[in-house]
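Colleague: Structure incoming, see below.
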Amino acid sequence: MVAAWDAVIVGGGHNGLVSAAYLAKAGLKILVLERRAIVGGACTTEEVFPGVKFSRLAYSAGLLRPEIIRDLDLARFGYEVHAFDPQFFLPFPNGESILLWNDPKRNHRELARFSKKDAEAYPKYVAFWTEVMELIEAILLESPPPLPDLLGMFKGAEAEELAKRLLLQSAADLLDEFFESAEVKAMLSATCCSMRSTASSRRSGTRRAAWAASPKPSRRQPSTTEPPSTRA
Ligand SMILES: Cc1cc2nc3c(=O)[nH]c(=O)nc-3n(C[C@H](O)[C@H](O)[C@H](O)COP(=O)(O)OP(=O)(O)OC[C@H]3O[C@@H](n4cnc5c(N)ncnc54)[C@H](O)[C@@H]3O)c2cc1C
């Protein structure tokens, strides 16, 4: 009996659709099964309230690889990049709020309302993650390496220290190293620990979640986010 499909993909989210497209491009016959009435998984725009459409979960294309955009010729199917500005808004119960923009000077003024030291530290925090991204970028499209191989990427005392800090310590420890204001730390830990993980920001290993939520340089593609940003 000849199989009707070469591969069946369960779940028509971002990853299922991308995998299906690559396999179909390679000439395979693919079936994608999606339980919802709409494909896209967490990356959809939906009318959640009557007359109001917005992204239900993922709201930024910052992690979408340029290789995928190119290989699948997404522009031909309507893919466009729009930078959003302001980038981030966090209201507090006391009526205060933090609003961040694409403009570092404006962000400096905004954060200085909470702490001058934190306003100075924020660009350093962005630079820290830029350095980390350079290491991680190289393996983003590889299969996840075994832990010893991953640790082997960090050679030299300074790099080893960086690996320990990234992989073993908590997001809260990292934020404490850079910032003093509870509001600024809340802004960065809210995104890392509510959107990426249910773990407490004090839990060991959540520092990598802080990476996921960190302001990343957009070298990978023209993104909806430019540094400094707090995109998820
Ligand atoms: C709050 C939040 C914010 C995020 N923000 C961003 C962002 O701004 N930018 C970004 O790049 N990424 C963001 N992400 C991550 C991004 O959404 C995920 O990486 C991406 O959606 C993963 O795609 P996926 O296909 O693996 O899973 P999903 O998107 O979760 O898709 C899984 C699909 O499988 C379907 N499914 C599950 N079980 C079955 C079944 N048994 N039968 C049939 N269908 C099934 C589901 O209905 C769903 O459509 C965010 C994630 C969250 C949770």
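Colleague: Which whole number in µm²/s is D for segment 21-123 by Stokes-Einstein, with the Kirkwood Rh taken over Cα pairs at 25 °C and 0.890 mPa s?
Modeller: The calculation lands on 139 µm²/s.
Colleague: May I pose another question? What list of ³J(HN,Hα) values in whole Hz, one per residue of segment 102-117 in order, does the Karplus curve 6.51 cos²θ - 1.76 cosθ + 1.60 (θ = phi - 60°) give from phi, with Gly and Pro shown as x?
Modeller: So the J values, rounded to whole Hz, are 7, 9, x, 5, 5, 5, 4, 4, 5, 6, 5, 5, 9, 6, 5, 4.
Colleague: With charges set only on the Cβ (+1 for Lys and Arg, -1 for Asp and Glu), what does the dipole of segment 136-190 come to about its Cα centre, in debye to the nearest 20?
Modeller: Dipole about the Cα centre, nearest 20: 120 debye.
Colleague: Taking segment 1-142, how many lysine pairs are there with alpha carbons less than 21 Å apart, if each pair must be eight or more places apart or span two chains?
Modeller: Lysine pairs satisfying the spacing and distance rule in segment 1-142 number 4.
Colleague: Which of the lysines could be linked to residue 164 by a straight reach, that is with a Cα gap under 16 Å, when you skip same-chain ones fewer than 8 residues away?
Modeller: Straight-line reach from residue 164, under 16 Å: 155.
Colleague: Restricting to DSSP loop positions (anything but H, G, I, E, B) with no more than 14 other Cβ atoms inside 10 Å of their own Cβ, which GluC sites (Glu not before Pro) remain in segment 71-166?
Modeller: Qualifying residues, ordered by number: 80, 96, 142.
Colleague: Sticking with this structure for a sec: Tell me, what ³J(HN,Hα) does each residue in segment 76-92 have, in order and in whole Hz, if you take phi through Karplus 6.51 cos²θ - 1.76 cosθ + 1.60 with θ = phi - 60° and put x for Gly and Pro?
Modeller: Taking θ as phi minus 60°, the curve returns 5, 9, x, 5, 9, 9, 10, 6, 9, 7, x, 9, 7, 9, 10, x, 10 Hz for segment 76-92.
Colleague: Mind checking the dipole of segment 82-137: about its Cα centre, +1 per Lys or Arg Cβ, -1 per Asp or Glu Cβ, Debye to the nearest 20?
Modeller: Once rounded to the nearest 20, the dipole reads 340 debye.
Colleague: A follow-up question, please. So for each of 64-75, 25-36 I average, over its residues, the number of other beta carbons within 10 Å; can you give me the resulting order with the highest mean first?
Modeller: 64-75, 25-36
Colleague: Let me ask something else. Where the only charges are on Cβ atoms (+1 Lys, Arg; -1 Asp, Glu), what is the dipole of segment 7-82 about its Cα centre, to the nearest 20 debye?
Modeller: Roughly 160 debye for segment 7-82.
None of the figures in this text is laboratory data; all of them are computed from the coordinates on show. These figures come from a predicted structure and were not determined experimentally. Methodologically, a virtual Cβ is constructed for each residue, glycine included, from the backbone with ideal geometry; neighbour enumeration extends over all protein chains shown.
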